[in-house]
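What follows is a short report on a single structure.
The values are calculated or read from the model by the stated rules, or taken from the named source; none is laboratory data. Model, not experiment: these values are computed from the prediction. Using ideal geometry, Cβ is built from the backbone for each residue, glycine included, and neighbour counts are taken over all protein chains shown. Protein only, heavy atoms only, side chains kept; ligands, DNA and RNA dropped before computing areas. Shrake-Rupley method; radii C 1.70, N 1.55, O 1.52, S 1.80 Å.
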Amino acid sequence: MMIKLDVVKIDIPEGTNVIIGHSHFIKTAEDLFETLASSSPSLKFGIAFSEASGKRLIRYDGNDEELIKLAIENCKRISAGHTFVIYIRNGYPINVLNRIKAVEEVVRIHAATANPLQVIVGETEQGRGVLGVIDGMTPLGVESESDIKERKEILRKFGYKR
C-alpha cells in the first residue's frame with residue numbers, strides 16, 4: 001500500500017482567521033453554525049465540512065458569503081473526509097475554540113490561526129486525510145527580557161490580562 005503526500009496552502013485574507021478541524025457527522029455544519037452564531041453578535045463566519053461517506057458532499061453554512069466561499073474553496077483543496085474549515089472575522093479563535101471543541105461531533109482541531117498555513121494531506125487508494133499542519137514560520141531565537149515585556153504589554157492591550 002502506498003501513500004502520496006500533498007501540501008495544501010490555505011488562503012487567509014487580511015483580517016480573518018481560519019480554524020481547521022476534524023468531525024464525524026452530517027450535522028457538523030449546522031452545529032458549528034449555532035455555536036458560532038451564539039458566541040458573538042458581531043462575529044462573521046463561513047463553514048465548510050467534507051462528508052466521508054454517503055453522498056460525500058461539502059456541506060456549508062455561515063453568515064458571510066465571502067467567508068462561506070473561502071471555506072468551501074479551501075475545503076475542496078484539502079479534499080479530506082470529515083474535515084471542516086471555518087473562516088472568522090470580527091473575532092479571534094481564542095474567543096470560540098472551547099465552544100467549537102465542545103460540539104459533540106468535533107474530534108480535533110488541527111489549526112486556528114491568521115498565520116501562513118499549510119495542511120499536510122496523505123492520500124491512499126481509499127481517500128485523503130489531514131496528517132498535520134505547518135502554522136506560521138520557524139522560530140528565530142528565544143525571547144529576551146524586552147521581548148517578555150513587550151509580550152505582556154500586548155496581552156494587556158488586547159484585554160487578555162490585567
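Specify the inter-centroid distance of the range 12-56 and the range 100-156, based on alpha-carbon positions, in whole Å. Going from one Cα centre to the other spans 17 Å. You can think of it this way: the chain between residue 158 and residue 144 has 2.9 nm of extra reach, that is 0.36 nm per residue less the Cα-Cα gap. Short-range pairs are left out: with C-alpha atoms under 8 Å and at least six residues apart, the relative contact order of the chain is 30 percent. Note on residue 25 and residue 124: with the Förster distance fixed at 25 Å, the Cβ-Cβ geometry gives a FRET efficiency of about 0.65. Averaged over residues, the count of other Cβ atoms within 10 Å places the peptides 71-83, 135-147 in the sequence 71-83, 135-147, highest first. Taking a ≥ b ≥ c as the square roots of the eigenvalues of the Cα gyration tensor, the chain is classed as oblate, since a/c reaches at least 1.5 and a/b does not exceed b/c. Taken along the Cα-to-beta-carbon direction at a fixed 7 Å, the label points for residue 57 and residue 102 span 3.0 nm. Here the accessible area of the chain is 52 percent carbon and sulfur, with a 1.4 angstrom probe and all protein chains present.
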